Every structure is written in structure tokens, then in C-alpha cells.
Amino acid sequence: MVRLLLSIKADLENVTDLVPASDGFEYFFQVKCNSCHEIHPKWVGLNRLEEHEVSGGKGSTAHFVWRCSTCKRESSGKFEEKSPVIPYSADNNGQLAPFLTIDCRGLEFVGFDPRGIWKCIGAESGTVFNEVDLDEGEWVDYDEKAALPVGVSGIEIPRVATDIMRYRVHLSGLLLLEPRGVFDPTGPGFTYLHLVHVHSALLKT
Ligand SMILES: [Zn+2]
């Protein structure tokens with residue numbers, strides 16, 4: 001299992017604390033099979049409320065269960081209950097910040113589409129914007145209390161797949177040196193929180 005901490009980047013205009021508006025928010029990703037490295041041609045959706053049974057998992061469930069059409073292997077992804085999504089603050093404007101933790105078995109999420117309803121608050125006024133529709137990838141409005149235009153654009157969770165492949169090689173060496181450390185490749189948009197998990201991933205691939 002690999003615990004992925006996906007980072008997000010956005011351009012905020014006079015707003016802060018951007019986050020999906022509800023628990024049922026559907027996250028759309030591109031998914032890649034770790035067995036045959038095939039990237040599924042369609043976007044896949046998962047949310048925190050719906051779980052599906054994992055084959056042979058003795059009743060265990062995941063928020064996303066997928067069988068690769070090329071190699072027929074099943075893989076899954078699960079949101080971490082203990083790790084709620086982290087609102088994107090204006091302090092991080094235009095830069096990557098930790099966002100969402102997903103336990104991945106046999107797959108990787110390699111692209112993100114922000115479509116759906118988000119919420120944020122006016123950076124100066126505290127005005128709550130509950131209907132930030134990012135279906136088109138950006139949103140603009142006006143904050144009357146602050147008398148300022150507000151907006152969200154440029155949302156991105158950078159592709160991580162190729163970087164994971166590259167870092168695996170380096171990690172096999174790092175594990176021996178610092179098994180309890182935290183490895184953060186930075187920039188590519190993800191962090192392996194615990195090398196213990198990375199280790200099990202290494203053994204499988
Ligand atoms: Zn496959």
C-alpha cells in the first residue's frame with residue numbers, strides 16, 4: 001500500500017480556504033495501473049461517502065475499486081478517515097500545498113479535474129462563498145462587503161506517476177539509511193508520509 005498525499009495548487013483572488021463544498025464531493029482523477037502501467041482513458045470519480053467491496057478482501061471496502069481492462073488486475077483507492085481534506089489557504093497562493101491523503105493499492109492517481117462545487121471565504125471580509133462552481137475550471141464573483149472581485153483559477157494536482165517511478169529507485173537506498181524518516185520529493189506534488197508504506201510498495205513492484 002502506498003499512502004499518497006496529493007498536493008494542490010491554485011490561483012486565488014481575494015479569497016482563502018478553498019475546499020470541496022461537501023463530504024459527497026466527487027473527486028475526478030485519471031488512474032494508472034501499477035501492474036501494466038496502463039492509464040485508464042476515462043476520468044474516474046470517487047467520493048468519501050460511497051464505498052465498494054474489494055474482491056477477496058474479506059468484506060473490506062474502498063472508495064474506488066477498479067479492474068484494469070488490460071491486465072485484469074484489481075486495484076483500489078481509499079480516503080483516509082483520519083485525514084480530512086486540507087483547505088487551500090491564500091498564504092499558499094500559486095504554490096503547492098498538501099491537500100488530500102489517499103491509500104492506494106495497485107494504482108496511482110495521475111491527473112485531477114477540479115469539476116464540482118467548492119467553497120471558500122473572502123480573505124478580507126470573511127464572506128462565505130458556498131457555490132464555487134469549478135466545472136469550467138475557474139470561478140469569478142464579487143465580494144460586496146470587501147468591495148473586491150473574487151476568483152479561483154489554475155487549480156492543479158500535478159501529475160505524479162513518472163516521478164513515483166523515478167523516486168522508487170532512490171528510495172530503496174534511502175530506506176536503509178533512514179527507515180523512520182519522512183521522504184518528501186517536493187515539487188512533483190506528492191509526499192510519502194511513511195517509508196514503511198513505501199517499502200511494501202517497493203517489494204510489490
Ligand atoms: Zn493493468
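The values are calculated or read from the model by the stated rules, or taken from the named source; none is laboratory data. Just so we're clear, the structure is a prediction, and the values are computed from it rather than from any experiment. Don't worry about glycine lacking a Cβ; one is built from the backbone with ideal geometry, like all the others, and counts go over all protein chains shown.
Scanning segment 84-91 for residues that are in contact with a Phe, Trp or Tyr (Cβ under 6 Å, 6 or more places away or on another chain) and either under 13 Å from Leu12 (Cα atoms) or surrounded by 18 or more Cβ atoms within 10 Å (Cβ to Cβ) (or both) turns up nothing. Considering every residue within segment 74-81, establish whether at least one is away from the ligand (no atom under 16 Å from the Cβ) and without any contact (Cβ under 8 Å) to a residue 12 or more places away in the chain. Yes, some residue in segment 74-81 is away from the ligand (no atom under 16 Å from the Cβ) and without any contact (Cβ under 8 Å) to a residue 12 or more places away in the chain.
Among the residues of segment 89-100, write down those that are in contact with a Leu (Cβ under 6 Å, 6 or more places away or on another chain) and part of a loop (DSSP other than H, G, I, E, B). Across segment 89-100, the qualifying residue is only Asn93. Every test in (1) away from the ligand (no atom under 16 Å from the Cβ); (2) surrounded by fewer than 16 Cβ atoms within 10 Å (Cβ to Cβ) is passed by Arg48 save one, and that test is (2).
Just one of the listed residues (Cys71, Cys33) is buried (at least 20 other Cβ atoms within 10 Å of the Cβ), more than 19 Å from Ser153 (Cβ to Cβ), within 16 Å of the ligand (Cβ to nearest atom) and over 15 Å from the mean Cα position of the chain (by Cα), and it is Cys33. Screening Asp23 against (1) touching a strand residue (DSSP E or B) at 6+ places or on another chain (Cβ under 8 Å); (2) surrounded by fewer than 17 Cβ atoms within 10 Å (Cβ to Cβ); (3) within 30 Å of Asn93 (Cβ to Cβ) leaves a single unmet condition, (1). In this structure, is Cys104 surrounded by 20 or more Cβ atoms within 10 Å (Cβ to Cβ) and either at pLDDT below 95 or in contact with a helix residue (DSSP H, G or I) (Cβ under 8 Å, 6 or more places away or on another chain) (or both)? Spelling it out, Cys104 is indeed surrounded by 20 or more Cβ atoms within 10 Å (Cβ to Cβ) and either at pLDDT below 95 or in contact with a helix residue (DSSP H, G or I) (Cβ under 8 Å, 6 or more places away or on another chain) (or both).
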